[in-house]
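Trainee: I am attaching a structure below and will ask some questions about it afterwards.
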Amino acid sequence: MNIKAKLTIGIGVLVAMIVLLVVLAVVNLQILTATDPDSPAAGPGLYRALIWISVVGVACIAIGFTMLLRLPSAINKPIKELTDAILEIANHNYEKRLNIRDSAEFAEVSRNFNRMAQRLADYHASTLAEMMAAKKYMETIINSINEPIIGLNNEMEILFVNDEALNVFGLKRNDVLRHSAQEIALRNDLLRKLIRELIGDIPQGKKEPLKIYADNKESYFQAKYMTITQTKTDNRTPEKKGYVILLKNITEFKELDSAKTTFISTISHELKTPISAILMSLRLLEDKRVGALNPEQEELSGSIKENADRLLDITGELLNMTQVESGKLQLKPKITKPIELIEYAIKANQVQAEKFNIQIEVEYPEDKINKLFVDSEKIAWVLTNLLSNAIRYSHENSRVIIGARSVGDGYIEMYVQDFGKGIDPRYHKSIFDHYFRVPGTKVQGSGLGLSISRDFVEAHNGSLTVQSELGKGSTFIMRLKS
Ligand code: ADP
């Protein structure tokens, strides 16, 4: 029965009872007014009428009360059931069903509600299945990459990790997923190093390839760190979601590189002997022990000597470079006065400076400069190379300055300044790379001197920097701890 029918019947019964009550009252009143109050028929008639009025009145009150109690709850109950069910659905409980039979309207509502809940459940199951399938697919892709990958959220929890990474790190999937990478790093050296690099504890320039022993062999990996950002459709500013650490296996390149280094080192070694023999023969020619040379022959032997010297310099530079690259650079430090290194560099460049009529000026506040504890051969080589560059890249008839100064905190700076053509700021970083030469440089060279110099200085925990302005000249500054 629907609510309308229920209400109609209830109110109808109530109205009928009230009408009956009124009729009885009126009849009773008529009896009272029509009958002589002292007649014997008046008493029982009145009594009967009163009984009827009382019965009908009590029935009216009972029906009224029943309706008062039952009617609101008959309407409220299904509404409450419906509201609760809607809340369940809102909380993603798509299994919720209604079974209201009290009224036809609510029975219809509950049937429609159940149909909607079933559709939502089907939809949810299908999207969930699709999402699970997509997740599985992504995991398969990540796992099929044979380079270690780790994904972290902003709180540094490990969200995903592929099999290769587990193998390289020596970890188990269940021990890492959803765990704090920083906590795992406490007992895993490799992860600790990566996390330190990721959060910027290790300066950019110092990032060395990682040497890892896995699968019974030594491998080299280059770490790449990516910050994952996401732009929401309603918000244009990208939001940081986490990080991905990717380790690129560079073992093959390392092996090729080391083969190249060995090759260069062997060739340079092998070249040194014949070049020295050429220089020795030239010295004999210059001595005129095998007879005097005519002017043309002298000019030719001079040119041969110049080129042989250059070849010897280049082989020396290549050997130095291979020493650094193969990690075989061994420092033999001893206490050295900076002025000794300066004098060595000047002596080594004297001939060249005279050739271009370049004045070498020394700035050296003798009494204030501490001694250095360095491999004097290596640091003298650096100063010689810087002074040679200053002379080679200066204009003829100009001057260069070589000097040393204390800069506080126990540091000493040794510098070489020239007033040549200077270096474009674009190249201030690259000139320290192997084989790099500023485009358009006409003076002959190998592009190795500055890179080796920086390696030598950094091996002493020092720094080599440049200050230069086009057209005004350059200053190379080597800073070392005294
Ligand atoms: P090389 O001088 O043998 O080419 P370097 O490594 O010593 O190699 O120098 C790299 C490059 O830096 C040079 O080719 C040159 O272009 C530039 N450079 C170095 N020193 C100076 C300088 N004092 N003035 C101008 N350019 C310089």
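A short reminder: the numbers here are calculations on the coordinates, not readings from a lab. Here the structure is a predicted model, which is why all the values come from computation and not from measurement. Ideal geometry is used to build each Cβ from the backbone, glycine not excepted, and the neighbour counts take in all protein chains shown.
Trainee: Straight distance only, please: which lysines reach the Cα of K6 with their own Cα at less than 17 Å, same-chain residues fewer than 8 apart left out?
Mentor: Within the straight-line limit of under 17 Å, K6 reaches these lysines: K77.
Trainee: Let me ask another. Test of understanding: what is the full-extension gain from E343 to V15, defined as 0.36 nm times their sequence separation minus their Cα-Cα distance?
Mentor: That works out to 105.3 nm of additional length.
Trainee: Which of the peptides 391-400, 63-72 is most tightly packed, and how do the rest follow, judged by the mean count of other Cβ atoms within 10 Å per residue?
Mentor: Order by mean packing, descending: 391-400, 63-72.
Trainee: Let me ask another. Looking only at the chain, where both bridge partners belong to it, what percent of the DSSP beta bridges are antiparallel (to the nearest 5)?
Mentor: Bridges in the chain that DSSP calls antiparallel: roughly 90 percent.
Trainee: Right, next: Would you report the distance distribution of C-alpha pairs in the chain as whole percents per 20 angstrom bin, up to the bin with the largest distance?
Mentor: Each 20 Å bin holds this share of Cα pairs: 15, 27, 20, 11, 10, 8, 6, 3, 1, 0.
Trainee: Given labels modelled 7 Å from the Cα in the Cβ direction, how far is it in nm from Q352 to S301?
Mentor: The two pseudo-label positions are separated by 2.4 nm.
Trainee: Decide, for the range 1-144, between rounded, prolate and oblate: order the square roots of the alpha carbon gyration tensor eigenvalues as a ≥ b ≥ c, take rounded if a/c falls under 1.5, and otherwise choose prolate if a/b is larger than b/c, else oblate.
Mentor: Cα axes put the range 1-144 in the prolate bin.
Trainee: Over 20 Å between Cα atoms: which of K355/K442; K332/K429; K332/K378 fall into that group?
Mentor: Correct reply: K332/K429.
Trainee: I would also like to ask the following. Amide H of D102 versus every other amide H placed in the peptide plane: which residues, excluding those fewer than 5 positions away on the same chain, fall under 5 Å?
Mentor: none
Trainee: Right, next: In nm, to one decimal, how far is the S126 label point from the S281 one, both placed 7 Å along Cα→Cβ?
Mentor: So the two model labels end up 8.9 nm from each other.
Trainee: Whole angstrom only: what separates the Cα centroid of the range 77-150 from the Cα centroid of the range 292-348?
Mentor: 80 Å
Trainee: So what is log10(I(q)/I(0)) for the range 146-249 at q = 0.11, 0.17, 0.22 1/Å, when the Debye sum runs over its Cα atoms only?
Mentor: The Cα Debye sum returns log10 ratios of -0.35, -0.78, -1.23.
Trainee: What does the highest-first list of 162-168, 54-60 look like by mean Cβ count within 10 Å?
Mentor: Top of the packing list down: 162-168, 54-60.
Trainee: Sticking with this structure for a sec: Go through the range 331-348 residue by residue and turn each phi into a ³J(HN,Hα) via Karplus (6.51, -1.76, 1.60, θ = phi - 60°); whole Hz please, and just put x for glycine and proline.
Mentor: Couplings: 8, 10, x, 8, 5, 9, 7, x, 5, 5, 5, 5, 4, 4, 5, 5, 4, 5 Hz.
Trainee: Right, something else. With axes computed from alpha carbons, what is the tilt in degrees of helix 295-325 against the longest principal axis of the chain, rounded to the nearest 10 within 0 to 90?
Mentor: Approximately 30 degrees, to the nearest 10.
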